[in-house]
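The values are calculated or read from the model by the stated rules, or taken from the named source; none is laboratory data. Source: prediction; values computed, not measured. Every residue, glycine as well, gets a Cβ built from its backbone with ideal geometry; the counts of neighbours run over all protein chains shown.
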Amino acid sequence: MDKFLVSKSNLSGRVRVSGSKNASLPIMAATLLTDEKCIIKNVPCLKDINTMIKILEILGKKIIFEKNTLTVEAKKSKKYVAPYQLVKTMRASFCCLGPLVAKRKKAKVALPGGCVIGPRPVDLHIKGLISLGADILVEDGYCLAEAKKLKGSHVYLGGPFGSSVLATANIIMAAVLAEGTTVVEHAACEPEVASLILFLRKMGADIEGENTPLLRIKGKKTLRGCEFEIIPDRIEAGTFIAASLATHSHINIEGAEPGHLTSVFEVARKMGAKIKIDKNSRIIQINPPKKIKAVNITTLPYPGFPTDLQAQFMVCLAKASGMSLITEKIYPDRFMHVAELNRMGATVQRTGPYSVIEGKKGLKGAELMASDLRASAALVIAGLAASGKSRIARIYHIDRGYEGIEKKLKKLGANIERVKA
Ligand code: UD1
């Protein structure tokens, strides 16, 4: 298993953000809604994308993935089972359920199960599909959905932690081929959901209300193939902003969508950063302060501060002057990185969904263990910001979601090497 060797670094220069993983995955699942060819551009080359390719191949699609362009060839298929061996490695595969039951009348998708960032139920997905008329059976670790004809309905998708990104995606993808009109209330407003809606509209779907919690979907008999470009990865962009702050380095971020990063800019500015956005080139210039100011962060559904950047920004707060509070409102147990940061000399106390961070002058390198995708990005940032050397194990997590992370960081001048353990 590979490890990263990381040491204190000053970053400078320009980094280009890749296409969004979280936008790509549901859009790939949406290709199940047509037998025509779909061409999807700006898809990042990542482990999770390869997992979704394997699932689509098992479901009968023929796929070519070259130079970040994914061609999903037309192939009629009646296959409807997404097996546990693949689904267990990536929750997003569960969003094949909606398109499969809508197009092939039957879907059998393994339940994704628990995850290191806490319990991740699928009740909202199931509730939504039942509202559209699907019969659902949960048995032997699989969710089996069947419907001769889905029917438009009124679906409320609010859960105990707010809206759900992938449940919204699943229900939209089922409703586009249902008979009649579906109204979705408390839909997720994440840019990745809006992007899925634009993709489906290009396929011929009739959907109103993207970027809002109220969607109106008029079902169509069939959908066609199309060409589409994936939006930039706002979480990758935010990760580079955190890296810039934690290492006190001035960097320029290229190719991101500033409009998707408002809450992140707001927090970074409160921490003392100066952020300039060039209107023409849309390059985002990050000028970190000499001393980071302590701030309180609450993660919330979009347009709030993303839970997927909580760990990375905790590293910055560990070096701030004063006490900060992070409140995790999406995944109350998503604090696996706290113990690792404390091993580097940080002082973070976690109680339930809260972490109190007492800012320190510096962090010290250590032997570290990555627990999940975003926590591993946080540990890399911590290693770049700490004195001495860090060795980070289980970096296969980071390969799930960051395209060429060490190449991009090296280009910025980071001391980072991938070594065989
Ligand atoms: C997506 C993202 C993930 C991000 C998360 C929250 C993808 C591939 N993944 O995951 O990176 O961290 O959004 O922004 O896009 N919930 C329920 N019942 C359900 C579904 C969810 O209670 O049926 C809860 C979850 O446990 C969580 C909250 O709702 O507390 C939000 O989760 P959700 O938006 O569904 O996350 P994902 O879509 O799985």
Could you tell me whether segment 95-107 includes any residue that is touching a Pro at 6+ places or on another chain (Cβ under 6 Å) and either more than 18 Å from A167 (Cα to Cα) or part of a helix (DSSP H, G or I) (or both)? yes
Which one of the conditions (1) touching a His at 6+ places or on another chain (Cβ under 8 Å); (2) over 27 Å from I230 (Cα atoms) does G133 fail to meet, given that it meets all the rest? (1)
T34 meets each of (1) outside the structural domain of K364 (by TED's automatic domain parsing); (2) in contact (Cβ under 8 Å) with a residue 40 or more places away in the chain; (3) over 22 Å from L196 (Cβ atoms); (4) over 17 Å from the mean Cα position of the chain (by Cα) with one exception, condition (3)
Restricting attention to strands (runs of 3 or more DSSP E) lying wholly within segment 302-421, give those where 2 or more residues are of a type in the set (S, T, Y) and farther than 23 Å from L11 by Cα. 323-328, 347-351, 354-358
Starting from segment 302-319, keep only residues that are over 19 Å from M336 (Cα atoms) and among the small types (G, A, S), then list their pairs with residues that are at pLDDT 95 or above and assigned to a helix (DSSP H, G or I) whose Cβ atoms are within a distance under 6 Å, requiring at least 6 positions of separation or different chains. G304/S263
So, K67, is that one among the basic types (K, R), within 23 Å of the chain's Cα centre (by Cα) and more than 12 Å from the ligand (Cβ to nearest atom) or not? yes
Would you check if G133 is within 11 Å of the ligand (Cβ to nearest atom) and assigned to a loop (DSSP other than H, G, I, E, B)? no
Mind checking whether some residue in segment 71-83 is surrounded by 15 or more Cβ atoms within 10 Å (Cβ to Cβ), part of a loop (DSSP other than H, G, I, E, B), in contact (Cβ under 8 Å) with a residue 60 or more places away in the chain and among the aliphatic types (A, V, I, L, M)? no
Look at I326 and say whether it is of a type in the set (V, I, T), within 16 Å of the ligand (Cβ to nearest atom) and buried (at least 16 other Cβ atoms within 10 Å of the Cβ). yes
Just give me the residues in segment 225-263 being assigned to a helix (DSSP H, G or I) and surrounded by fewer than 21 Cβ atoms within 10 Å (Cβ to Cβ), in sequence order. P258, G259, T262, S263
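How about segment 19-40: which of its residues are among the polar types (S, T, N, Q) and within 15 Å of the ligand (Cβ to nearest atom)?
If the condition is that a residue be among the polar types (S, T, N, Q) and within 15 Å of the ligand (Cβ to nearest atom), then S20, N22, S24 are the ones that fit.
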